[in-house]
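The values are calculated or read from the model by the stated rules, or taken from the named source; none is laboratory data. Keep in mind that this is a model prediction, so the values were computed, not measured. Counting neighbours? That spans all protein chains shown, and the Cβs are built from the backbone with ideal geometry, glycine included.
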Amino acid sequence: VHLQTDLSLKPFNTLSIDATATGLAQVADYSELLQALEWAQQRGLPVLPLGEGSNLVVAGDIDGLLLKQGSDKVELLDASDDTVLLKVDAGKDWHQLVQWTLAQGYFGLENLALIPGAVGAAPIQNIGAYGVEVESFISRVHGVDLATGKTLALAHADCQFGYRDSVFKGALRDKVIITSVEMQLSRHSHPRCHYPALNAWLEDHGITDASAQQVFEAVVAIRSSKLPDPAVEPNAGSFFKNPVIPSAQVQALLAQHPEMPVYPLSHTQAKVPAAWLIDRCGWKGQRDGDVGVHPQHALVLVNYGNCSGSELLAFARRITNSVSEGFGVALEIEPRIYG
Ligand SMILES: Cc1cc2nc3c(=O)[nH]c(=O)nc-3n(C[C@H](O)[C@H](O)[C@H](O)COP(=O)(O)OP(=O)(O)OC[C@H]3O[C@@H](n4cnc5c(N)ncnc54)[C@H](O)[C@@H]3O)c2cc1C
């Protein structure tokens with residue numbers, strides 16, 4: 001097992017926040033994982049799973065062992081004329097998986113192209129983009145109980161997937177490390193192009209009846225042109241979840257702000273874009289020292305230099321306070337906070 005102690009986490013989180021962790025273990029297989037768990041147990045340290053650090057705020061120094069998985073094997077478990085069942089190890093880079101599946105003629109993941117991170121993290125917040133969520137493809141999640149070292153497998157229903165949510169953020173938070181994910185993909189291409197920005201891009205480029213490959217290319221093009229690259233402007237993607245609020249409250253807000261975009265979820269609830277609320281409160285492009293809201297993306301907080309995790313979170317709190325005062329809507333932070 002490759003174990004480093006007291007190291008800087010700056011290269012391990014896309015917000016590029018500089019703090020230290022007691023240890024970081026990079027494990028290649030189950031036996032190395034058990035060695036790492038034992039190392040932490042002997043020192044009374046918590047074990048904290050780490051992927052590619054793209055959905056993480058390091059709020060301060062971490063008293064704990066970060067556990068990063070190296071294995072990126074993809075296994076074909078089953079194949080029929082219509083579907084394939086893949087078992088993908090947690091360390092596989094998500095976008096590489098998307099590319100690989102399309103090259104094999106396994107369809108479904110094309111809308112989720114270019115989402116940063118590792119496969120092991122994908123179920124945690126049920127990654128989603130352009131009208132598709134990863135849960136539609138997940139049949140089973142394999143993991144290890146951090147307290148006992150025992151392996152476990154959860155069927156789709158046990159994962160309790162929701163919007164940017166799963167059991168791994170709830171009852172199993174900090175209890176399980178995901179080691180591989182089983183996904184069922186289609187051998188027939190059924191592109192989903194209903195998402196407005198995707199649909200508009202395809203129309204603008206004269207593409208009708210798009211193939212899965214064309215959807216993939218469209219998503220890559222849209223994301224590359226729109227989203228700030230963490231390598232240039234360190235960020236963790238959307239910093240706030242889109243709030244889900246009761247329809248009665250939506251009606252009351254619409255009476256005052258008829259132009260507010262609303263995505264109804266049911267008769268009783270609707271989703272409102274956090275970006276719109278933040279923009280309306282005047283935060284887009286605002287900066288305080290080394291932390292700020294991206295000038296083009298109200299949802300993206302950027303570390304413009306050497307901001308600390310606590311500075312970033314204090315800035316985020318000012319945003320949530322002003323949205324709460326202005327609209328009576330509570331914003332929730334999307335990334336996980338460590339330290
Ligand atoms: C520019 C940018 C764009 C983004 N766009 C999107 C988007 O469109 N849609 C979307 O859904 N997300 C998006 N994200 C967020 C991010 O890509 C996802 O949340 C991704 O799944 C995080 O993967 P990671 O490997 O970097 O996880 P990390 O940031 O390393 O980990 C996040 C948390 O997940 C948990 N975790 C990670 N791996 C494991 C494991 N193996 N077992 C148990 N727990 C684990 C840990 O609790 C950890 O704290 C974006 C981020 C960025 C920076």
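Scanning region 198-236 for residues that are of a type in the set (G, A, S) and assigned to a helix (DSSP H, G or I), which turns out surrounded by the fewest Cβ atoms within 10 Å (Cβ to Cβ)? Here the answer is S225.
Taking region 1-115 and the strands (runs of 3 or more DSSP E) fully enclosed by it, the elements with 1 or more residues that are without any contact (Cβ under 8 Å) to a residue 40 or more places away in the chain and within 11 Å of the ligand (Cβ to nearest atom) are at 47-50.
Within region 86-98, one or more residues are more than 11 Å from V119 (Cα to Cα) and surrounded by 21 or more Cβ atoms within 10 Å (Cβ to Cβ). Taking region 247-278 as the region of interest, how many residues are part of a loop (DSSP other than H, G, I, E, B) and among the polar types (S, T, N, Q)? Number of matching residues: 2. When A157, A171 are screened for being in a loop (DSSP other than H, G, I, E, B), hydrophobic (A, V, I, L, M, F, W, C) and at pLDDT 95 or above, only A171 passes.
Of all residues being part of a helix (DSSP H, G or I) and of a type outside the set (S, T, N, Q) in region 116-146, which is surrounded by the most Cβ atoms within 10 Å (Cβ to Cβ)? Just the residue, please. Restricting to residues being part of a helix (DSSP H, G or I) and of a type outside the set (S, T, N, Q), the top hit is G120. If the condition is being under 17 Å from S54 (Cα atoms) and of a type in the set (A, V, I, L, M, F, W, C), then region 294-308 contributes L299, V300, L301, V302, C307.
The combined condition, being aromatic (F, W, Y), modelled with pLDDT of 95 or more, part of a helix (DSSP H, G or I) and out of contact with any Phe, Trp or Tyr (no Cβ under 7 Å at 6 or more places or on another chain), is not fulfilled by W283.
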